[in-house]
1. What number of residues within the stretch 237-259 satisfy the criterion of being surrounded by fewer than 17 Cβ atoms within 10 Å (Cβ to Cβ) and in a helix (DSSP H, G or I)?
2. Could you identify the single residue in 379, 313 that is modelled with pLDDT of 95 or more and either aromatic (Phe, Trp, Tyr) or closer than 30 Å to residue 280 by Cα (or both)?
3. Which of the residues belonging to the stretch 280-305 are in a loop (DSSP other than H, G, I, E, B) and touching a strand residue (DSSP E or B) at 6+ places or on another chain (Cβ under 7 Å)?
4. Are there any pairs with C-beta distances below 9 angstrom linking a residue in the stretch 264-276 that is outside the structural domain of residue 457 (by TED's automatic domain parsing) and among the hydroxyl-bearing types (Ser, Thr, Tyr) to a residue that is modelled with pLDDT of 95 or more and surrounded by fewer than 18 Cβ atoms within 10 Å (Cβ to Cβ), with the two at least 6 apart or on different chains, and if so which?
5. Any chance you could count how many residues in the stretch 263-279 are under 18 Å from residue 240 (Cα atoms), in a loop (DSSP other than H, G, I, E, B) and out of contact with any Lys or Arg (no Cβ under 8 Å at 6 or more places or on another chain)?
6. Quick one: count up the residues across the stretch 99-132 that are touching a helix residue (DSSP H, G or I) at 6+ places or on another chain (Cβ under 9 Å) and free of Cβ contacts under 8 Å to residues at least 12 places away in the same chain.
7. Need a quick list: strands (runs of 3 or more DSSP E) entirely within the stretch 378-473 having at least 1 residues that are closer than 19 Å to residue 507 by Cβ.
Amino acid sequence: MNTNNANLYALFAANFPTDLSSCCIETEDRRYFSWSDVERASAKLANLLTSLNLQVGARVAVQVEKSAEALILYLATIRAGYVYLPLNTAYRDAEVDYFIRDAQPEVVICSPQQFGWVSQLAFKVGSRHVFTLDAPAEGNNSGSLLQRALSQSDQFETAQSLPHDLAAILYTSGTTGRSKGAMLTHANLASNAKVLKQAWGWNKDDVLLHALPLFHVHGLFVASHGALLNGTKIIFLPKFNARQVIHYLPRTTVFMGVPTYYVRLLQESGFTQDICKNMRLFISGSAPLLLDTFAEFSQRLHHTILERYGMSETTMLTSNPYVGQRLGGTVGKPLAGVDVRVVTANMGMCGVDEIGDIQVRGANVFQGYWRMPEKTAEEFTDDGYFRTGDVGKFDSEGYLSIVGRSKDLIISGGYNVYPKEIESFIDDMPEVLESAVIGLPHAEFGEAVAAIIILKPKEVLTEQALINRLKGMIANFKVPKKVFFLDELPRNAMGKVQKNLLRTQYQGNE
């Protein structure tokens, strides 16, 4: 193997276990893929992709349900030197149309059920090949990538890649405005995987329980990369199901989830300390973890959730320590090789507990937005820091807390209002399950603070009672002018509250 090859697959393969017959992936339906199976299957798919005579740097767009084969397809794509473009399985016609028009992939791979409309969209904008990953239950198998790969050789020399060659384009979740394609290189992804291996103490006895989707940083670049780089077995679940996770926990040591997963696990009586006796690490990310969840988890399981911070453009940036104090409500300290700073509006450095804009720099930070040079230039400072769009603060111990998105900042009567601060006071109220604070247009104040509240079952709290309580806790300009009650907050696939939808829903109600 060429040790100078920067291809991410080459890095993984160099760290596969000595015994390639051992299990790499175990699925819920009791299928087992050895490391040798993964090598040979990814070789077949890489040979098939190469046989299509794609251009250098060709994009391969993939919108398929989570499966072991889907993960192997990802590995085959980067192994062959092409650019992997995962798409959320929930996206419909108009969304897929936008991504395909923007990325112009030469190859599009979808589920058999979506083949009709996806192929029409793809061919219309110039894609050369459209496949399903697997074959439909009945009918023609000729469009199945797996079927066509059967006749290919199971040997493939991993494509030679330079560190700055693109490995993936990941579209931002689009909670505010149009999605942008973040370009991530082999070096970006490799550097982060290596740093996390050290930071989280991955060891040869680990087994990863994987319940996250594969179209996102968390499931693909954090969880999967972590296991592949460490030569660790993965128990692969098609989606999160609390009881199914509990069933597998005794056989695993590492679990990664979004906050919603932990809330649902804590609702299960079977989620006990005994079930988790072999667990080494629970990691949470992709959305803020409520302090109540953090505390209840610790009390019940005698495990402390490790919360970390990252984004599509940068993969992981900070983490609470594996060894040392994990502070609830924070995302820990900058990872090795990652520079994180919090700055004022005029680019001065913020002091301890002073809120400002979070900016980052490091080998993990993306190359820019796909075909958006002006937007890319706008998002980087003159000294090379990426403007994350997040607002936060460092405490005296160097732990970072995220206060919110700069786009969510509310300016009411000339005062800056940070929604996260108000949400933390509301979420501490015994009747409240969770909340979201937004700004709504207001003739007098410019923006009025509004709170959307989800109450705990059987609890009662009126708008006026909540406002009166807050008046005794926070400055008057921060107190919501309006309070709305919902059964649940709108979220995207990774559990982030979609405040843009709330702003649209309640506009005109201020």
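The values are calculated or read from the model by the stated rules, or taken from the named source; none is laboratory data. The structure presented is a predicted model; accordingly, all values stated were derived computationally and were not measured. Here Cβ is always computed from backbone atoms with ideal geometry, including for glycine, and neighbour counts include all displayed protein chains.
1. 5
2. Details: 379 fails: either aromatic (Phe, Trp, Tyr) or closer than 30 Å to residue 280 by Cα (or both).
Of 379, 313, the one residue that is modelled with pLDDT of 95 or more and either aromatic (Phe, Trp, Tyr) or closer than 30 Å to residue 280 by Cα (or both) is 313.
3. Residues of the stretch 280-305 in a loop (DSSP other than H, G, I, E, B): 280, 285-290, 302-305.
Across the stretch 280-305, the qualifying residues are 280, 285, 288, 289, 290, 303, 305.
4. Hits for this filter: 272/246; 272/300.
5. The total comes to 5.
6. 1
7. Working: elements: 386-394, 400-405, 410-412, 415-417, 432-442, 446-455.
Answer list for the stretch 378-473: 400-405, 410-412, 415-417, 432-442, 446-455.
Per-residue answers, yes or no, for (1) under 19 Å from residue 55 (Cα atoms); (2) out of contact with any Phe, Trp or Tyr (no Cβ under 8 Å at 6 or more places or on another chain); (3) assigned by TED's automatic domain parsing to the domain that holds residue 45; (4) not aromatic (Phe, Trp, Tyr):
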{"residue": "74", "(1), (2), (3), (4)": "yes, no, yes, no"}
{"residue": "83", "(1), (2), (3), (4)": "yes, yes, yes, yes"}
{"residue": "97", "(1), (2), (3), (4)": "no, yes, yes, yes"}
{"residue": "103", "(1), (2), (3), (4)": "yes, no, yes, yes"}
{"residue": "157", "(1), (2), (3), (4)": "yes, yes, yes, yes"}
